[in-house]
Every structure is written in structure tokens, then in C-alpha cells.
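*Asks:* This is the structure I have questions about; it appears just below.
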Amino acid sequence: MNLVELTEEVVKSLVSNTDGVTVKEFPTDEENTILIQVMVDEADMGKIIGKNGRIANAIRTLVQASSSLHDNKHVKINIDKF
């Protein structure tokens, strides 16, 4: 499972509207860095961010740990609503 699929699976398990989740990878100028953009429904933002950003940080930690096992690239995850 690649990092985008892992991120999408984790996010979809947390939200109510799974059809409203979009996860894409974008190129960055930095070497060895991956940018993953997560778009969720506005109603689900609180579930993804969590209190004081704890859930968002946990998602970032999980994906970064997976990356260190396989690609050893730095992962940046941006979470936004639409």
C-alpha cells in the first residue's frame, strides 16, 4: 500500500461522508519530500483535525512511519475542506 492509499484509508475510516474524501499527491521542490493533499467535507473537518490537532498529527505520524519503512521520504500532509 502506498502512502496516498494509506492516508485515504485512515481518513475514510474517521469521517461520516466517505464519498467526500479526496487524497492526492503533489510534487514538491524539495528533494525526498512528498506532499499529500487531503480534502474532506466541511462537516468532517473536526473529526480529522481533532482537539488541538491531535488526530491530524497522529495521521501524519502514521504515514511518516510507513514512509520510513519503505521510501524513507519526508511526508507533508495538508488537510483542507471543500
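The values are calculated or read from the model by the stated rules, or taken from the named source; none is laboratory data. Owing to the predicted nature of the structure, the values given are computational and were not obtained by experimental measurement. For neighbour counting, all protein chains shown are included, and Cβ atoms are generated from backbone atoms with ideal geometry for every residue, glycine included.
*Asks:* Counting just the residues of the stretch 40-66 that are more than 12 Å from the chain's Cα centre (by Cα) and among the aliphatic types (A, V, I, L, M), which one comes out surrounded by the most Cβ atoms within 10 Å (Cβ to Cβ)?
*Replies:* Checking each candidate, the answer is MET45.
*Asks:* Hey, among the residues in the stretch 67-82 that are of a type outside the set (A, V, I, L, M) and assigned to a helix (DSSP H, G or I), which one's surrounded by the fewest Cβ atoms within 10 Å (Cβ to Cβ)?
*Replies:* Restricting to residues being of a type outside the set (A, V, I, L, M) and assigned to a helix (DSSP H, G or I), the top hit is HIS70.
*Asks:* Among the residues in the stretch 49-66, are any out of contact with any Cys (no Cβ under 6 Å at 6 or more places or on another chain), at pLDDT 95 or above and assigned to a strand (DSSP E or B)?
*Replies:* No, the stretch 49-66 contains no residue that is out of contact with any Cys (no Cβ under 6 Å at 6 or more places or on another chain), at pLDDT 95 or above and assigned to a strand (DSSP E or B).
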